[in-house]
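The values are calculated or read from the model by the stated rules, or taken from the named source; none is laboratory data. Computed from a prediction, not measured in an experiment: that's the story for all the values here. Every residue, glycine as well, gets a Cβ built from its backbone with ideal geometry; the counts of neighbours run over all protein chains shown. The accessibility values were calculated without ligands, DNA or RNA, using every heavy atom of the protein model including side chains. Shrake-Rupley method; radii C 1.70, N 1.55, O 1.52, S 1.80 Å.
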Amino acid sequence: MEAKDLKSLFRPHIVKIKSYSSARSEYKGKGVFLDANENSLGSVAEILYNRYPDPYQDEIKKMLAALNGVKPENVFISNGSDEAIDYLIRITCEPFRDKILVFEPTFGMYESSATINNIDIVKIPLNSQFQINIEKAIEAITDDIKIIFICSPNNPTGNLINSEDIRILMNSFEGIVVIDEAYVDFSDANSWISQIETYPNLMVLQTFSKAWGLAALRVGVFYGHPTLIEGLTLIKQPYNVSGYSQKVIIEALKNIEVKNRLVKEIKLRKAELEEELKLHKVVKKVYPSDANFFLVKVENANDLYKFLVSKQIIVRNRHTAPGCENCLRITVGSKEDNQLLIKALDEYTLVEKAIIKADNEESTLSR
Ligand SMILES: *Cc1c(COP(=O)(O)O)cnc(C)c1O
């Protein structure tokens, strides 16, 4: 797909929109601000938040562009990735007509956002290695599919998606390919951001919620061709990223070595946890993970899930996700968290044994 054709992906009425001009976007710099009906005296808080934040998050975009070797025009900041996913669907997909394509099992927000917008979802199952079946994918592509969502490393399976398959899709699809890299910092793979020049229809989604440890701030980032970034900017809420979030993100970006340290430590905890899980009696399979979690197959996921909740250990039950029968998704925790998890699994095996023993005794008696 060529860059000049990107605009044809937008819904017709979106192309006609003039962006809302907020008070704070018309003038930048110092001055006496009497334009936005803010409280000029101060805030009911220790720190002053009486002024609207930068609607375009210029400072953060500059920093992220420099960090990733792209231009600020390639960057869109959102109130969590969830917001960005919704915006992208809304600028490209006409309700009751257009569709998105996903590979299952995967992150639920693509389907959720599409459904809310009355957009159909074409679902292709990942194969037994949780990789894309490329023939099936190509076969399923029709003119009404506007976006293909690829999550790599994939949630909930944890694996990277083969880059050659992704390239084939980007080359053969006349729509947008989103690669969701929420977990890329935990993998050894390079980000796809370096490829946005080569593939105008590629959008890379990242987030501050995982490796950066800033989930509560709600900040996600889309990297892509300026035409696509402009489209998102056209429909976004004027002040979609709060002043507090912007301030903390700027701080965080000045301290990237802290993120790297956290990632390094999470990888250590991950290796320990993997070993413990693989040796554990209740675990049938630990799927290979390029992320900060494991998909783990057990005998009875519903039962184990309930037991863990009773011990106040909360994991994600993925039993009903396609291809994930009797699987739990377990986030790598702190050393202490992981020890508590393993201890609970030990207790579960004892309880299980006791129940089986009681059952056997009962059946012996009744015989
Ligand atoms: C956690 C996660 C995100 C992050 O979403 P935010 O709204 O930015 O917190 C995005 N994609 C995937 C696949 C995730 O697992």
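Of the set (1) away from the ligand (no atom under 16 Å from the Cβ); (2) out of contact with any Leu (no Cβ under 8 Å at 6 or more places or on another chain), all apply to LYS146 but (2).
Annotation note: Cβ proximity below 7 Å between a residue of region 123-137 that is among the small types (Gly, Ala, Ser) and a residue that is part of a helix (DSSP H, G or I) and surrounded by 15 or more Cβ atoms within 10 Å (Cβ to Cβ) (sequence gap 6+ or interchain) occurs for ALA137/LEU169.
A count restricted to region 202-235 and to residues that are out of contact with any Ser or Thr (no Cβ under 9 Å at 6 or more places or on another chain), aromatic (Phe, Trp, Tyr) and open to solvent by less than 30 Å² (accessible area, probe 1.4 Å) stands at 0.
Among the residues here, ASN127 qualifies as within 30 Å of ASN326 (Cβ to Cβ) and either modelled with pLDDT under 95 or over 19 Å from the mean Cα position of the chain (by Cα) (or both). Is there a residue in region 275-283 that is within 22 Å of the chain's Cα centre (by Cα) and β-branched (Val, Ile, Thr)? The answer is no; no qualifying residue exists.
Cβ-Cβ distances below 6 Å connect the following pairs, each with a first residue in region 293-319 that is within 23 Å of LYS267 (Cβ to Cβ), a second residue that is assigned to a strand (DSSP E or B) and among the hydroxyl-bearing types (Ser, Thr, Tyr), and a separation of six or more residues or different chains: PHE293/THR331. Within region 246-266, identify whether any single residue is without any contact (Cβ under 8 Å) to a residue 60 or more places away in the chain, polar (S, T, N, Q), away from the ligand (no atom under 16 Å from the Cβ) and in a helix (DSSP H, G or I), and answer yes or no. The answer is yes; a qualifying residue exists. More than 16 Å from the ligand (Cβ to nearest atom) and part of a loop (DSSP other than H, G, I, E, B): which single residue out of SER128, SER209 fits that description? When all the criteria are applied, what remains is SER128. Screening PRO238 against (1) surrounded by fewer than 17 Cβ atoms within 10 Å (Cβ to Cβ); (2) modelled with pLDDT of 95 or more; (3) touching a Ser or Thr at 6+ places or on another chain (Cβ under 8 Å) leaves a single unmet condition, (2). When region 174-184 is limited to residues that are more than 9 Å from the ligand (Cβ to nearest atom) and in a loop (DSSP other than H, G, I, E, B), the one that is surrounded by the fewest Cβ atoms within 10 Å (Cβ to Cβ) turns out to be GLU174. Has region 308-321 got any residue that is touching a Lys or Arg at 6+ places or on another chain (Cβ under 6 Å) and closer than 30 Å to ASN127 by Cβ? Within region 308-321, one or more residues are touching a Lys or Arg at 6+ places or on another chain (Cβ under 6 Å) and closer than 30 Å to ASN127 by Cβ.
Counted as qualifying within region 1-112 are the helices (runs of 4 or more DSSP H) with 3 or more residues that are open to solvent by less than 50 Å² (accessible area, probe 1.4 Å), namely 23-26, 58-68, 81-92. Selection over region 151-173 of residues that are under 27 Å from PRO95 (Cα atoms), open to solvent by less than 10 Å² (accessible area, probe 1.4 Å) and more than 10 Å from the ligand (Cβ to nearest atom) gives a count of 4. Conditions: (1) within 12 Å of the ligand (Cβ to nearest atom); (2) of a type outside the set (Val, Ile, Thr); (3) under 28 Å from GLU274 (Cα atoms). GLY220 meets all but one. Number of the miss? Of everything listed in (1) within 12 Å of the ligand (Cβ to nearest atom); (2) of a type outside the set (Val, Ile, Thr); (3) under 28 Å from GLU274 (Cα atoms), GLY220 misses just condition (3).
Per the conditions (1) open to solvent by 10 Å² or more (accessible area, probe 1.4 Å); (2) away from the ligand (no atom under 16 Å from the Cβ), the sole criterion not satisfied by ALA189 is (2).
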